[in-house]
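One structure is given here, and the rest of the page talks about it.
The values are calculated or read from the model by the stated rules, or taken from the named source; none is laboratory data. Computed from a predicted model, the values in this text were never measured in an experiment. Every residue, glycine as well, gets a Cβ built from its backbone with ideal geometry; the counts of neighbours run over all protein chains shown. Surface accessibility is based on the protein's heavy atoms, side chains included, excluding ligands, DNA and RNA. Shrake-Rupley method; radii C 1.70, N 1.55, O 1.52, S 1.80 Å.
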Amino acid sequence: MNYAIVFLGYSGGAFVGPRIASYFKETTGSFTTAYISAAILTAIGIVLVGLILYMNKKKQQSQVSVN
């Protein structure tokens, strides 16, 4: 199930990403905006993964201290 969810996100990005990049190329004349947008979305993803890992670690620590 987890593999299917990951592949759903990957295929969605593969479908939408090139269209967004071509839109930026047509409107601005370069791919720089697309690269910057991709970098910002990547940074947001990294922060969200870090936040989830931090929350899971805190949850595990609180469960260990209760037991």
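Things worth noting here:
- Taking the criterion of being part of a helix (DSSP H, G or I) and loosely packed, with under 10 Cβ neighbours inside 10 Å, the residues of region 16-45 that qualify are R19, E26, T27.
- Check on A4, free of Cβ contacts under 8 Å to residues at least 12 places away in the same chain and either in a helix (DSSP H, G or I) or open to solvent by 80 Å² or more (accessible area, probe 1.4 Å) (or both): yes
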